[in-house]
Structure formats: C-alpha cells, structure tokens
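What follows is a short report on a single structure.
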Amino acid sequence: MSDAANGPASTTWTRGRRLGVDLGKARIGVAVCDPDGILATPVATVRRDLKTAGEDIPSDIREIAETAREYEVVEIVVGLPVTLSGEEGPAAVHTRAWVARFADHVSPVPVTLTDERMTTAVATRRLNEGGVRGSRKRSIVDQAAAVEILQQWLDQRRR
C-alpha cells in the first residue's frame, strides 16, 4: 500500500482505470476514471459491513474488490480522513486498518491512500448547487465524494 496522503506518490503513470473509494461509517462511495485518467465518474454506494478481523470477509470488501476486477483497474485510491491541520485521528487509523485488510483482497492491484480533506463538503455543495436534495442526496453523496477524491488525485498527477 502506498501513501500519497502527503502529496503525489512517486510511481510512474500507467495507463488504465483507477477506482476511487470514500470510506464512511455507514456507506462507501465508489468511483472510477477512464483509462487515460482524465475524468472520474460515480459507480456505486456500498453499505458498510462491520465484521471484525476474525470473521468472514466483509461483504463491502468483497463487493468493492469485485467492482475493481470488473473495471480491470490498475490502482485503487482510497481517501484518508485527516484533520484540517493535516493530523491523523481515529478515523484515519480506522481507514488504514480497513485498507490493510482490503489490499489483501485486491492484490496485486496497488492501493494508494490520499488526503481527502473537504471532499465530502465539496461533494455536498456541488449536489446542492445541482438541485439535489433530501434522500436522493444522501444516497449519492458518498459516490460524489469518491469522485472528488479520485478527481483530485488524478489532477495532482497532471501537475
């Protein structure tokens, strides 16, 4: 697992689809980009499965791993929740633990962590500006946040 939370990873760009993941407490947003890494688009919202480490593979991990195979992704980018000052708290620790378990199920596809500060707020604002309200917004805000995470990561690569 590489960690781009403090800036772009030093890996060489490989053409191919990337999967973006916004890990929430109740739901996980999933997005994918085109093979040239230009545009991220929403894919799905997956309900969290909070099984502990000793139990079967959680259904959320299985479902997202299957989505990664379906899209034949070359990399998976997961948002790392850090505070506005850049510190890692309990949510980041939880995300790192989930990613470590998830990475085992998508290997050899690399999983990269990236700073997700403000992505949910940006996604919510954009949905509001687009006139999306109420239960419809709740059902797609996680996907929109995954799009923001992946799109920001892609944009950093082009700089």
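Quick check on segment 57-79. Is at least one of its residues in contact (Cβ under 8 Å) with a residue 60 or more places away in the chain and farther than 22 Å from Arg158 by Cα? No, segment 57-79 contains no residue that is in contact (Cβ under 8 Å) with a residue 60 or more places away in the chain and farther than 22 Å from Arg158 by Cα. Contact annotation: residue pairs with Cβ atoms under 7 Å, 6 or more positions apart or on different chains, pairing a residue in segment 13-29 that is touching a residue at least 60 places away in the same chain (Cβ under 8 Å) and surrounded by fewer than 24 Cβ atoms within 10 Å (Cβ to Cβ) with a partner that is acidic (Asp, Glu) and not in a strand (DSSP E or B), are Gly24/Asp142; Arg27/Asp142. For Arg96, the requirement of being farther than 26 Å from Gln156 by Cβ and basic (Lys, Arg) is not met.
The criterion of at least 3 residues that are of a type in the set (Val, Ile, Thr) is met by the following strands (runs of 3 or more DSSP E) wholly inside segment 17-67: 27-33, 40-47.
Each value in this text was obtained by applying a stated rule to the coordinates, not by laboratory testing. Just so you know, these numbers come straight off a predicted model, no measurement behind them. No Cβ is skipped: glycine too gets one built from the backbone with ideal geometry, and neighbour counts run over all protein chains shown.
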